[in-house]
Structures are given as structure tokens and as C-alpha cells.
Amino acid sequence: MLPSTVNVFGDVMVSTCPVCFTPITDDWIVYSNAKYHKACFTCCKCKRVIGSKETLKNKGGLKTCVDCAKKDDPSIGETKVCHGCDKDIDKAWVIGMEKKWHSECFKCCECNRVIDPKEKFYKVEVDGKKVPKCTDCKVTKGMEDLSTKEKKCAGCEKDIDNAWVVALNAFWHHGCFKCSHCDREIDSKESFNTNLGKPVCMGCNNDHFRKKCLVCAKPIAGTSLIYKEASYHHACVNCFICGDALKEGDHEKIRIVNGKDFKHVDC
């Protein structure tokens, strides 16, 4: 939108309408820090004059009256009702399952945890209404001997009243589902490993339970070269003849000579 300019006529300073570019002496509307003649403040589609107390839609500097805006989006101007609590929505909301919700109302129908609409969840029907169910609660359906009615935490062995984590075929309080090595709480969305049937975070798994490369001392994930109880990343070992790094899948093409040196069979 062009700002209204100021012209001087005699000793009087007057604003210029950014639509017709003529001086404004009386009957104006102020919108977005600019003055308009009332007759110039019109809808960009139907050309109807927009009153000073009317609601309008402004996109890219183009003003549209509510009637024209509704033709593009019928929901404009309508009262928004939360699909969860059936109460009016005043300000912010989230869209889930093609419905509007208060952010605090979009929660798992079973554990009551608030769900981010961007995360994975499942749509289920409860009392004739479509509601979300988090992945933690959904996976219990296929687990043997895991009752969702009487939930006891596998960590502290106390009853669980509301929110929980489902992992290792058991229920856990969020605060009780933690690494058995460093005691750090493990988020239900992050990856973890196990040791003796207990959860281990990936940091401790890499530091304490994975083999480390003898060359770079970093944990080894996947296949490795092993010689005399020592492990190596393929990329950390070079053929001592041609100097090229060894590659995964080349086990049959690698030989060890002098009791310590790796080489390609063809070198």
C-alpha cells in the first residue's frame, strides 16, 4: 500500500489519498496509517465502499469486503467451535482431522496427552465422535497380556492415572522411562536401545555398549572389520599398497598380511 503523502496548500498541510492522489480535506478513513477519501476506500472485487466499522480482508495491499471474502472462504466471519469441547474459539486454534480445536483440546482420547497435529496419531471413534489417539496408546492393541484398564508403571510399579509411555511391552510414567545407565529421562519419540531388558539411551549405547573403532575411537554402527578382537570402520582402514579406503561389502576382497596390514586381494 502506498503511504498517503502530505501536500502544503497555502499554510495548510493536507494528506493525499493513496487511491486517487488528490488532497483530502474532509470525510476520510484512516487505515494502516494512511488516510483515504471515504468514497475511495472500496472493495477490490465488487467496488463497494467499505465502511469504517466493517471487517475487511487485506491481502497484498488489496482490500476485500467480507461478502466477497466469504465467496472464497465460507468460514470467514463464522464463529469457530472447538471439535473437542464444543466451545467457541476466540483466538488461536489447531487443525486436526479437518476440524478446528483448541490446542489444549487436541489430545489423546486414552492417555489425555496433548498431541501436536504434526506428529503421527490415529483417528478413532468414541461415542460417535472422531477423536485422536496417540501412537503410544495405539500400539498396546497388538501387545499380549497388556491391559489398558489397570495400568501399572514398569519403572516404579505404581498405578498410572493419566499420561504414560508404552515401551518394551509395558506402561511407564514419562518420568520413569529413563536410561538405565545415565538415569536421563528418555522422550517417547526418541530412539533407544536395551540392555538386559532395560532401556538405554542412544548416547550411552554408543559410549558403553557398542564396539569402537580402533582407529578413530568412535562407535561402530552396522558392519565392521574385525581382526584379533579389534574392530574398525571400513573407511578408517586403507589398503597399505594402493592407499584406497576399504569399503563395506568387500570382505572377500580383503586380506591381512604381516599380521597387521590390510590389503585388497588384487593389489
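The values are calculated or read from the model by the stated rules, or taken from the named source; none is laboratory data. Worth saying up front: this structure is predicted, and the values here are computed from it rather than measured. Cβ atoms come from the backbone with ideal geometry, glycine included; neighbour counts cover every protein chain shown. The area values use the complete protein model at the heavy-atom level, side chains included, leaving out ligands, DNA and RNA. Shrake-Rupley method; radii C 1.70, N 1.55, O 1.52, S 1.80 Å.
Looking only at strands (runs of 3 or more DSSP E) that lie completely in segment 8-71, which have at least 1 residues being touching a Leu at 6+ places or on another chain (Cβ under 7 Å) and at pLDDT 85 or above? Please lay out each step first, then the result.
Working: elements: 12-16, 28-31, 34-37, 56-59, 62-65.
Counting at least 1 such residues, we get no strands (runs of 3 or more DSSP E) at all.
State whether one or more residues within segment 91-104 are at pLDDT below 80 and open to solvent by 40 Å² or more (accessible area, probe 1.4 Å). Explain how you work it out, then say what you get.
Applying the first criterion (at pLDDT below 80) to segment 91-104 yields 91-92.
Of the ones still in play, those that are also open to solvent by 40 Å² or more (accessible area, probe 1.4 Å) are 91-92.
Scanning segment 91-104 turns up at least one residue that is at pLDDT below 80 and open to solvent by 40 Å² or more (accessible area, probe 1.4 Å).
Can we say Glu229 is of a type in the set (Asp, Glu) and farther than 30 Å from Glu119 by Cα? First the steps, then the outcome.
Working: of a type in the set (Asp, Glu): yes; farther than 30 Å from Glu119 by Cα: yes.
It is true that Glu229 is of a type in the set (Asp, Glu) and farther than 30 Å from Glu119 by Cα.
Consider Cys176 carefully, then state whether it is within 26 Å of Cys108 (Cβ to Cβ), part of a loop (DSSP other than H, G, I, E, B) and either open to solvent by 40 Å² or more (accessible area, probe 1.4 Å) or modelled with pLDDT of 80 or more (or both). Walk me through it before giving the result.
Details: within 26 Å of Cys108 (Cβ to Cβ): yes; part of a loop (DSSP other than H, G, I, E, B): yes; either open to solvent by 40 Å² or more (accessible area, probe 1.4 Å) or modelled with pLDDT of 80 or more (or both): yes.
So Cys176 passes the test.
Being of a type outside the set (Lys, Arg) and modelled with pLDDT of 80 or more is the filter here; which residues of segment 123-152 pass it? Full working, then the answer.
Restricting attention to segment 123-152, the residues satisfying the condition of being of a type outside the set (Lys, Arg) are 124-128, 131-132, 134-137, 139-140, 142-148, 150.
Scanning segment 123-152 gives Val124, Glu125, Val126, Asp127, Gly128, Val131, Pro132, Cys134.
Can you name the condition, by its number, that Gly155 falls short on among (1) part of a loop (DSSP other than H, G, I, E, B); (2) modelled with pLDDT under 85; (3) touching a Phe, Trp or Tyr at 6+ places or on another chain (Cβ under 6 Å)?
(2)
Name the residues in segment 98-127 that are more than 26 Å from Lys151 (Cβ to Cβ), assigned to a loop (DSSP other than H, G, I, E, B) and either of a type in the set (Asp, Glu) or over 16 Å from the mean Cα position of the chain (by Cα) (or both), would you?
Those that are more than 26 Å from Lys151 (Cβ to Cβ), assigned to a loop (DSSP other than H, G, I, E, B) and either of a type in the set (Asp, Glu) or over 16 Å from the mean Cα position of the chain (by Cα) (or both): Glu98, His102.
I'd like to check something: does segment 212-234 contain any residue that is open to solvent by 50 Å² or more (accessible area, probe 1.4 Å), in a helix (DSSP H, G or I) and not acidic (Asp, Glu)?
No, every residue in segment 212-234 fails to be open to solvent by 50 Å² or more (accessible area, probe 1.4 Å), in a helix (DSSP H, G or I) and not acidic (Asp, Glu).
Among (1) part of a loop (DSSP other than H, G, I, E, B); (2) out of contact with any helix residue (DSSP H, G or I) (no Cβ under 6 Å at 6 or more places or on another chain); (3) open to solvent by 80 Å² or more (accessible area, probe 1.4 Å), there is one condition Cys242 misses while meeting the rest; what is its number?
The one condition Cys242 does not meet is (3).
Conditions (1) out of contact with any Phe, Trp or Tyr (no Cβ under 9 Å at 6 or more places or on another chain); (2) open to solvent by less than 70 Å² (accessible area, probe 1.4 Å); (3) part of a strand (DSSP E or B); (4) aliphatic (A, V, I, L, M), marked per residue:
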position: Cys182; (1), (2), (3), (4): yes, yes, no, no
position: Glu190; (1), (2), (3), (4): yes, yes, no, no
position: Thr194; (1), (2), (3), (4): yes, yes, yes, no
position: Lys247; (1), (2), (3), (4): yes, no, no, no
position: Arg255; (1), (2), (3), (4): no, no, yes, no
position: Lys263; (1), (2), (3), (4): no, yes, yes, no
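Within the set of pairs 6 or more residues apart or between chains, which connect a residue that is within 18 Å of Tyr31 (Cβ to Cβ) inside segment 61-72 to a residue that is open to solvent by less than 40 Å² (accessible area, probe 1.4 Å) and not aliphatic (A, V, I, L, M) with Cβ atoms less than 6 Å apart?
Thr64/Cys43; Cys65/Cys43; Cys68/Cys43
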